[in-house]
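To start, I am sharing the structure in question, which I have written as structure tokens.
The values are calculated or read from the model by the stated rules, or taken from the named source; none is laboratory data. Nothing here was measured: the structure is a model prediction, and the numbers come from that model. Remember, those area values only see protein heavy atoms, side chains included, never the ligands or the DNA or RNA. Shrake-Rupley method; radii C 1.70, N 1.55, O 1.52, S 1.80 Å.
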Amino acid sequence: MKGLIIKDILNLKKSIVVTLIAIFIYGVFSYSTGDMSMIIGMTALIMTSMSISSIAYDDMAKWDSYALAMPITRRNIVLSKYALSLILSTIAIILSASLAILITYLRGDLINMENIQEIILTAYIVFLISMVFISINLPMIFKFGVENARILMLGSFIIPLGIGYLLTKMGIQLPTIEELKMVLYISPIILILILTLSISITYGIYRNKDL
């Protein structure tokens, strides 16, 4: 599986310049507005979407048919995509949190432990969201392909926002701060369960897929 991850990283090297330019642009925006959530959120989104791009590259090269002719299992191919997503998302939160702290310093804003904790917390929440996004979308991508799953991927963004908006309009009370804190405390366990379920679904789809 290590070789599969290295292969994906080498394939993604061609988009590194565009990725860095995009992160720089959002960094400038965060500097001008003082909104650090922009650089954190967009960096995570860009880096996470790179794992989806790796599947698109594989599809274009007909990689899966070639790989399965070698001693590579379908399970390892599935696991490698989740591992790549986890690696990229981890790099994203470390990079974005570091950039947010640097931008705060360059702006001359006060940097204290409270600010740093807020940035780290924001980065962690964005990490959770990005991994849940991957967990929802990878099964659809393996089932329908990257191009055909684009509308469904868009829905995974819009539907939760729409539900939240409707609940607010209906007067349904949203979770309190204390309840959200409790969710954060147990979030690693919840994320592991979500990833485990997603991997099982994706593997089941891929195992039965004709290539």
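Could you state the accessible area per residue of the stretch 82-144 in Å², with a 1.4 Å probe and every protein chain left in place? Don't jump to the answer; show the numbers that get you there.
Values: 3160 Å² over 63 residues.
On a per-residue basis, the stretch 82-144 sits at 50 Å².
Something else now. How much length is gained on full extension from residue 186 to residue 210, taking 0.36 nm per residue of separation minus their Cα-Cα distance?
My answer for the length gained is 4.8 nm.
To the nearest 10 square angstrom, how much accessible area does residue 209 have with a 1.4 angstrom probe?
Number for this one is 70 Å².
How much of residue 203 can a 1.4 Å solvent probe reach, expressed as accessible area in Å² and rounded to 10?
Probe radius 1.4 Å; accessible area of residue 203 about 50 Å².
Given the whole protein assembly as supplied and a 1.4 Å probe, what does the accessible area of residue 136 come to in Å², nearest 10?
Accessible area, nearest 10 Å²: 90 Å².
Okay, moving on. Which percent of the accessible heavy-atom area of the stretch 1-137 goes to carbon and sulfur, probe 1.4 angstrom? Display every interim value, and only then the final one.
Numbers: 5220 of 7260 Å².
It is 72 percent, rounded to a whole number.
Taking the solvent-accessible surface of protein heavy atoms with a 1.4 Å probe, what is the per residue accessible area of the stretch 1-80 in Å²? If you can, show how the numbers build up before the last one.
Numbers: 4390 Å² over 80 residues.
I get 55 Å² per residue for the stretch 1-80.
Follow-up. How would 59, 64, 8 rank on accessible area, largest to smallest, probe 1.4 Å?
Sorted descending by solvent-accessible area, the residues read 59, 64, 8.
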